[in-house]
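One structure is given here, and the rest of the page talks about it.
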Amino acid sequence: ATATMGEAPEPSPQAPLAVLSKVELRVSCKHLLDRDTLNKSDPCVLLLMQSQGQWMEVDRSEVIKSNLNPVFAKIFTVDYYFEEVQKLRFEVYDSHGHAGVGTHDDDFLGGMECTVGQIVAQKRVTKPLFLKYGKFAGKSTITVISEEISGNNGYVELAFRAKKLDDKDLFSKSDPFLEIYRIDDDRSEQLVYRTEVRPRAGPIPRPPQRLPGPAEPLAPQVVKNNLSPIWEPFKVSLNSLCSCEEKRKLRGVVWDYDSRGKHDFIGEFFTTFEEMQKAMGENKVQWDCMNPKYKIKKRNYKNSGVVVLLDLKIHRVYSFLDYIMGGCQIHFTVAIDFTASNGDPRNSCSLHYINPYQPNEYLKALVAVGEICQDYDSDKKFSALGFGARIPPKYEVSHDFAINFNPDNDECEGIQGVVESYQSCLPKIQLYGPTNVAPIISKVARVAADEERTKEASQYFILLILTDGVVTDMADTREAIVRASYLPMSIIIVGVGNADFTDMQILDGDDGILRSPKGEPVLRDIVQFVPFREFKNASPTALAKCVLAEVPKQVVEYYSYKAFPPRCPQPETPDSNLSSPQ
């Protein structure tokens, strides 16, 4: 909703930006106008997006020869922002060979405007095409189908060949190309991939060195004059291929290419991604390429050739949920500032004052963040530490003491256990100083370093530091953060009270890369700093959303850098299902 549509909560200055999603768009048309005298139109689709009132071309499809009902193999990818109206325009043109796509009125087959939001909301949009001045382009329609590219989406690399295909040409051998279709729940077929144009026959080539992602075919790849073709390996996203469902039916179709667009049907086969995975390693999978008409007419008909999957490689792009569902635990540690600047806890003006009717800022921040983290820790035990106080029995200053005063076990039972330990420790300690946090960062880092040596994505550490002022040991803290950025941990710092926290912003790498005193940069941005006062009038969930927004990305960045897969990677096992709850 926009601000003009009613009252909305005032956003926090520190609130994270809306999560960006990428959306795949697939396009097909029906009943296009025929602009050519001798042949049918050769259509191509242009995608335009409105920017500052101007239409800008984003991308364009391949040209499909002599076809008034084209299904384009090109997959358009656009960024999707929930909070914006993103206007799109699809324009269909009749292409003229080497001259490319014209923009003359005579070449224009029709256009359609919509928004990304409309396509995403409906998933499948069919609209009439219009010529200039709002005139209908006959019965022409355009259909756009959208699919979100999931965060946990991977991609698969496939290498196909065929053997002894039927010969459809009179004076030469067939020029075969391959199409792969996904069969959706409504039994409609969605083109996933059409092999590219690159005449070639011979040994299997090296895989193309392209960025992972959806397939990007431009036009049919034909292996000329060859009944046993070897097609180029290609990459498609698992979402595109099978909607991340291994048992979803797939249809392969082999055609004999015709330059006029009248391709001859050679045969088809049906499979699933589950069956395809048998081709991993040294194994191969093959299917009879069947022509249903021949099967009925010819008594001794066996097949119209054989299609072979030579190789299949799965490249998984893991998400935060992949790691969590694989058994990764989030271990939550809270560190509380007990320096004298907080004020005497017995005084109602103190930041540590325990009001039976209203929790103080320390407790509000602790509970807001802790209640979310506890869902990711199976034993619900949390480390609770204090710094900047004189502690019994000798009342020496400590910068990393357990607030339950158990030096052998600093863990408390649940968030409530942390709250109770905090309240019971206040009368036993003397608030002192200075505000040194490097010792606690280093303490958690040592535990995280032990975890790293397991070389498994089994435990990630979140350290919540609650402090009422700028840290005193800034140089040591910067050094400790740089060291910690190489470990499975993130640091959240919440500034409590009304102090000037300007100098604390240096620890949050949002305005630049944090460096150690010697100039060494952090490997990852792992610190999030916010002053609590910016959330005083907001709900506790607003604080938690803000400070935890970056954690999933930080988790994925760390394990990706270390090349640690989830403990139970889903697609590598033949019996697993690729879909996972979002």
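What is the packing order of peptides 289-297, 334-342, taking the mean over residues of other C-beta atoms within 10 Å and listing the highest first? All intermediate terms of the calculation are to be shown ahead of the outcome.
Working: 289-297: 14.0, 334-342: 23.7.
Descending mean neighbour count gives 334-342, 289-297.
The residues of segment 22-149 expose, per residue, 52 Å² of accessible area to a 1.4 Å probe.
Please go through the residue pairs LYS168/LYS295; LYS168/LYS262; LYS313/LYS553 and name each one whose alpha carbons sit more than 22 Å apart in this structure.
Details: LYS168/LYS295 17 Å; LYS168/LYS262 12 Å; LYS313/LYS553 26 Å.
Violating the 22 Å limit, Cα to Cα: LYS313/LYS553.
Arrange the peptides 376-383, 110-117 so that the one whose residues have, on average, the most other Cβ atoms within 10 Å appears first. The partial results should precede the final answer.
Details: 376-383: 16.5, 110-117: 19.0.
So the order, starting with the most tightly packed, is 110-117, 376-383.
The residues of segment 224-347 have, on average, 44 Å² of accessible surface per residue, using a 1.4 Å probe with all protein chains present. In order along segment 296-301, the phi-based Karplus estimate (6.51 cos²θ - 1.76 cosθ + 1.60, θ = phi - 60°) of 3J(HN,Hα) comes to 7, 7, 9, 5, 9, 5 Hz; Gly and Pro are listed as x. On segment 320-562, 50 percent of the accessible area sits on carbon and sulfur atoms, based on a 1.4 Å probe.
For THR272, the residues whose modelled amide H falls within less than 5 Å of its own, excluding neighbours fewer than 5 places apart on the same chain, are LEU250.
Remark: for residue pairs LYS30/LYS74; LYS235/LYS278; LYS22/LYS278; LYS22/LYS74, the C-alpha separation exceeds 21 Å in LYS22/LYS278. Heavy-atom accessible surface of segment 474-545, averaged per residue, reaches 44 Å², computed with a 1.4 Å probe. Residues in segment 414-424 carry Karplus couplings, in order, of x, 4, 5, x, 5, 4, 5, 5, 4, 5, 7 Hz; the curve used is 6.51 cos²θ - 1.76 cosθ + 1.60 with θ = phi - 60°, and Gly or Pro positions show x.
Subtracting the Cα-Cα distance from 0.36 nm times the residue separation, let me have the gained length for LYS302 to LYS139 in nm, one decimal. Kindly include the intermediate steps, with their values, before the conclusion.
Values: separation 163, 0.36 × 163 = 58.68 nm, distance 4.18 nm.
Gain on extension, LYS302 to LYS139, equals 54.5 nm.
Put simply, segment 22-149 fits an ellipsoid with semi-axes of 24, 15, 14 Å; these come from the alpha carbon gyration tensor as the roots of five times its eigenvalues, largest first.
What ranking, highest mean first, results for peptides 483-490, 301-308 when packing means the other Cβ atoms within 10 Å averaged over each residue?
On the way: 483-490: 23.8, 301-308: 19.4.
Descending mean neighbour count gives 483-490, 301-308.
For segment 320-562, the equivalent ellipsoid derived from the alpha-carbon gyration tensor has semi-axes of 27, 20, 18 Å in decreasing order.
The values are calculated or read from the model by the stated rules, or taken from the named source; none is laboratory data. What you see is a predicted model; the values in this text were computed from it and never measured. Neighbour counts run over all protein chains shown; Cβ positions are idealised from the backbone, glycine included. Ligands, DNA and RNA are stripped out before the accessible areas are found, and what is left, the full protein with its side chains, is counted by its heavy atoms. Shrake-Rupley method; radii C 1.70, N 1.55, O 1.52, S 1.80 Å.
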